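**Q** One structure follows; several queries about it will come next.
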Amino acid sequence: MDRKVKLEIRNISKIFGKNPLKVISLLDKGYSKDEIFEETKQTIGLNNVSFEVYEGETFVIMGLSGSGKSTLLRCINRLIDPTTGSILIDGQDIASMDAEALRKIRRSKLGMVFQNFALLPHRTVLDNVAYGLEIQGVKKEERYAKAGIAIETVGLKGHQQSKITQLSGGMKQRVGLARALANDPDILLMDEAFSALDPLIRSEMQDELLSLEDAMQKTIIFVSHDLDEALKLGDRIALMKDGEVVQIGTPEEILTNPADSYVSKFVAGVDRSKVLTAEAVMWRPEPLVSINSGPRVAVQLMKEHGISSIFVVEGKNRLLKGILMIDDAVDALKSKKSFESLIRDVPSVPPEMPLNEIIPLIAGSEYPLPVVNESGKLKGIIVRGTVLGALAMSEDTGDTSDLETEATGAEVKNTAEIESPERISGENTVESGNAPESPVSGEADGELKGKAPPEIKVNRDLENKDLENKDLENKETGSVDKELEVNAC
Amino acid sequence: MLIPRIPIGDSVEYAVDWIDDYFGVVLDLISDQLDFLISALKDALLFLPPELFILGLSIFAYFAGKRNVKLAVGTAVGFLLIQNMGLWVLSMETLALVLSSAMLALVIGIPVGILSAKNDFLNHAIRPVLDLMQTMPSFVYLIPALIFFGLGNVPGMIATVVFSMPPTIRLTNLGIQQVPKELVEVAEAFGSTGWQKLVKVELPVALPTIMAGVNQCIMLALSMVVIAAMIGARGLGYQVLFGIQRVDIGLGFEAGLGIVIIAVVLDRITQHLSPR
Ligand SMILES: Nc1ncnc2c1ncn2[C@@H]1O[C@H](COP(=O)(O)OP(=O)(O)OP(=O)(O)O)[C@@H](O)[C@H]1O
Ligand SMILES: [Mg+2]
């Protein structure tokens, strides 16, 4: 999936001070930011920052106050001139442009939304929104028409002639957004655009931005110091510290695989259930049984893995057909019922469903929850333990040993629980020592995906039951391996 | 211990003579132009009969004050009183001098204020000059003004301009520098040219402060009329001087009252002109 690179930042540095080149040379020699400040009294705003932003992406720049977020954003439209490095928009280097060329790019490709709205107090809403077009010399009717459309887009129809002072904060920022949209730029730069709004309005504006983004497919670069906002809006997030980018990744990558303790501290305390998706917590669907293999293979597999139900798939693409319970399968072996009639339908979830929506589903389900993509392919399975484990990580991202006890100590009923309820009730609870492979344990490096479910000892009478069918196994085992679609998430 | 006396006074005298010698023609030309400006304005003010002028001014005050009846009535009463005291022509002469001086001060002062706000070097260079212009007793520069332009309205006008220009420059400078950084960034981020940034963002945002400078400029110009009269400027100022010389309290007081009335009316009108 190769996406077009819209914006490329290459080795940008910004030194605030009288002799920036000296600082650059000190940096090259490996001096730290503080040492350099001691020596030269110059501040390093940005230190060798590089990244790419793809077309249509929402890229969030996040970090504590003073980490250089605004400086970075302002380099992109050269409100601040970077000391070294290049900034390519559609392959054109902004950093080395002359004033005239820069003005053209600013007019055609770059829009900006400001933290404190920055509306022109002497102008009406309409004239504020039309500002960008006005300075390009667009005729009055045309620019008012375009501005009017932008004003409608942000839901301010009817306020065109209002004075800025008559508007509430939320409305003002809508005007700010409309002003940026009226030019129809490719890239929207937003510096803490919603930080000055109160929480309800802020969340409303975030939702609106998301739906705008769906409709318009603009490339958005959004600066925020609010992690929840970053996680909600960002396709990818760059975390900054002291003028450097510490980590770039999707919200899930940042949460599940923090690059260092700064990042993990940053992400501690976030409500993971909103961010983590089915995809991030699911396990490799294993074992599976092909619809062509029949009940004997299924029973064999369930016995081998010590589980009481198994997902049935079809073909190379692992199309999910349903779930087979071990009781049904065993009965079927006696009564010679057709295999397909045994397969039960199960509810499934899409890979991008957030955890907070999955929790109620899995709580009421006897089986693991299959994760199925648009084309019907079984991507993975989610069991209750996984969900709890993933959420428990938020307690302390840095220390995994804690998490282990957290997850297992809670006596999580693991895969075993999917077994036919009345027979196993109570007996199959996983005990602390028994689930060392719960997804959280020792997995701080983030290899959640593709992890096979823990093997769990099934209780005696299930095994006995399986023994009864021993004769069936021998004939079929040979073909099992070929028909199984394992691995490869 | 023997530091020779630094010949500051002599130098200035020499410089003034030098300018007068070599630029006399230019100075005469300027003098003629300014004189023409003042008399043209005076003729224009005296063109209408007083009653009509007062009516017009009151209507203007009414609308300038955003339908302010009090301001309109006050203006009418004040100017009728001036006419009643028989000071109409003198008042119009004073008004012509004050307005043309203020105009000149604004025409020079506002651009200088803008430039100094944009140029750090000019900003630093101009500051001591402004201090000097404001603190140096105005009598001191009456003398060179007299030498350059002879007796009459023009040296009075020059002295008035010198005295009333600094606040215009300072307040214009301040107004532009106080334009919020984000608004300047808006202008730049959307691709404005330097001129567009100035005209469409900075000046409109700085307008209230600049208007305060305009108001100050006019008030200071009015405060100079008596001093300007000492080098031959006409109008109410001269009347005040005349009253002082004759120890004619009534005459001096009436002329002084006339100045106060004009001052108050101009102050209120210019205050209302600035948008809030
Ligand atoms: N014009 C300037 N002159 C000198 N130093 C500056 C200037 N602008 C920013 N800095 C410094 O550069 C660093 C980064 O500032 P920047 O404004 O980019 O931070 P930020 O991440 O946007 O912070 P905040 O969340 O507070 O807005 C800070 O240490 C700041 O003091
Ligand atoms: Mg900032």
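Values quoted throughout were computed directly from the atomic coordinates according to the rules given, and no laboratory measurement underlies them. Since we're looking at a predicted model, the values are computed, not measured. Here Cβ is always computed from backbone atoms with ideal geometry, including for glycine, and neighbour counts include all displayed protein chains.
**Q** What is the fewest-to-most order of A:L88, A:L79 by other Cβ atoms lying within 10 Å of their Cβ?
**A** So the residues, fewest neighbours to most, are A:L88, A:L79.
**Q** Follow-up question, since we're still on this one. In square nanometres, what is one fourth of the surface area of the convex hull spanned by the alpha carbons of the stretch A:5-269?
**A** So the mean shadow area of the Cα hull is 14.9 nm².
**Q** Now, a different point. Starting at the first residue of the stretch A:338-350, write each ³J(HN,Hα) from the Karplus equation 6.51 cos²θ - 1.76 cosθ + 1.60 with θ = phi - 60°, in whole Hz, x for Gly and Pro.
**A** For the stretch A:338-350, the Karplus-derived couplings read 6, 4, 5, 5, 7, 6, 9, 6, 10, x, 10, 10, x Hz, x marking Gly and Pro.
**Q** Continuing with this model, one more query. Rounded to the nearest 500 deg cm²/dmol, what is the calculated helix-only ellipticity per residue at 222 nm for the protein assembly as shown, with -39500 (n - 2.57) per DSSP H run of length n ≥ 4?
**A** Helices in the protein assembly as shown give a 222 nm mean residue ellipticity of -17500 deg cm²/dmol.
**Q** Determine the shielding of peptide B:175-185 by partner chains: average, over its residues, the number of Cβ atoms on other chains within 10 angstrom of each Cβ.
**A** Across B:175-185, the average partner-chain Cβ count within 10 Å equals 3.
**Q** Output the relative contact order of the stretch B:145-276, whole-number percent, from Cα pairs under 8 angstrom with separation of 6+ residues.
**A** 30
**Q** In whole angstrom, how far apart do the alpha carbon centroids of the stretch B:145-212 and the stretch A:73-91 sit?
**A** Cα centroid to Cα centroid, the span is 33 Å.
**Q** Pull up all non-local amide H partners of A:V346: gap of 5 or more, or a different chain, and H-to-H distance under 5 Å with H placed in the peptide plane.
**A** A:I323
**Q** Provide B:R268, A:R179, B:R127 in ascending order of the number of other Cβ atoms located within 10 Å of each residue's Cβ, fewest first.
**A** Least crowded to most crowded, the residues run B:R127, B:R268, A:R179.
**Q** Measuring from the lowest to the highest alpha carbon on each principal axis, how far does the protein assembly as shown reach, largest first, in angstroms?
**A** Taking the Cα atoms of the protein assembly as shown, the three principal extents are 139, 69, 43 Å.
**Q** Further question on the same structure: When the chain is fully extended, how far beyond the present Cα-Cα distance does B:V25 get from B:M136, taking 0.36 nm per residue of separation?
**A** Stretched out fully, the B:V25 to B:M136 stretch lengthens by 37.2 nm.
**Q** Let me ask something else. Search the structure for amide H atoms under 5 Å from the amide H of A:N47, placed 1.01 Å from N in the peptide plane, and list their residues when 5 or more places away or on another chain.
**A** Long-range HN contacts for A:N47: A:K14, A:E244.
**Q** Set the bar at 19 Å for Cα to Cα. Now go through A:K316/A:K379; A:K14/A:K69; A:K316/A:K337; A:K139/B:K200 and name every pair that lies beyond it.
**A** Pairs exceeding the cut-off: A:K316/A:K337.
**Q** Going by how many other beta carbons lie within 10 Å of each one, how would you line up B:L46, A:L72, fewest first?
**A** Neighbour counts put them in this order, fewest first: B:L46, A:L72.
**Q** Another question, then. So what are the ³J(HN,Hα) numbers for the stretch A:109-125, from phi and the Karplus equation (6.51, -1.76, 1.60; θ = phi - 60°), rounded to whole Hz, Gly and Pro as x?
**A** Each residue of the stretch A:109-125 in turn: 10, 10, x, 9, 10, 9, 4, 9, 6, 6, 8, 7, x, 8, 10, 6, 3 Hz.
**Q** Turning to a different aspect of this structure: Using θ = phi - 60° and the Karplus relation 6.51 cos²θ - 1.76 cosθ + 1.60, list the HN-Hα couplings for the stretch A:32-38 in order, rounded to whole Hz, with x at every Gly or Pro.
**A** 8, 4, 5, 4, 5, 5, 3
**Q** In addition: Rounded, prolate or oblate: which fits the stretch A:1-96 when a ≥ b ≥ c are the square roots of the eigenvalues of the alpha-carbon gyration tensor, with rounded for a/c under 1.5 and prolate only if a/b beats b/c?
**A** Verdict is prolate for the stretch A:1-96.
**Q** Decide, for the stretch B:30-70, between rounded, prolate and oblate: order the square roots of the alpha carbon gyration tensor eigenvalues as a ≥ b ≥ c, take rounded if a/c falls under 1.5, and otherwise choose prolate if a/b is larger than b/c, else oblate.
**A** Oblate.
**Q** Over all alpha-carbon pairs of chain B, lay out the pair-distance distribution in 5 Å bins, whole %, shortest bin first.
**A** Spelled out per bin, shortest first, that is 1, 6, 10, 13, 15, 15, 13, 10, 7, 5, 2, 1, 0, 0, 0.
**Q** Report the antiparallel proportion of the DSSP beta bridges in the protein assembly as shown as a percent, rounded to a multiple of 5.
**A** Counting DSSP beta bridges with both partners in the protein assembly as shown, the antiparallel share is about 60 percent.
**Q** Could you work out Rg/(2.2 N^0.38 Å) for the stretch B:1-115, with Rg from alpha carbons only?
**A** This ratio for the stretch B:1-115 stands at 1.63.
**Q** I need the helices of chain B that pass two filters: whole DSSP H segments spanning 30 Å or more by Cα along the axis, and mean Kyte-Doolittle score no lower than 0.0.
**A** Going by DSSP H runs, the hits are B:8-47, B:88-118, B:153-177, B:249-273.
**Q** If you average the sequence gap of Cα pairs under 8 Å that are 6 or more apart and divide by the length of the stretch B:82-174, what percent do you get for the contact order?
**A** Relative contact order comes out at 46 percent.
**Q** Next question. What would the Debye equation give as log₁₀ I(q)/I(0) for the stretch B:102-222 at q = 0.19, 0.21, 0.22 Å⁻¹, counting only Cα atoms as equal point scatterers?
**A** Log-scaled intensity ratios, in q order: -0.97, -1.11, -1.18.
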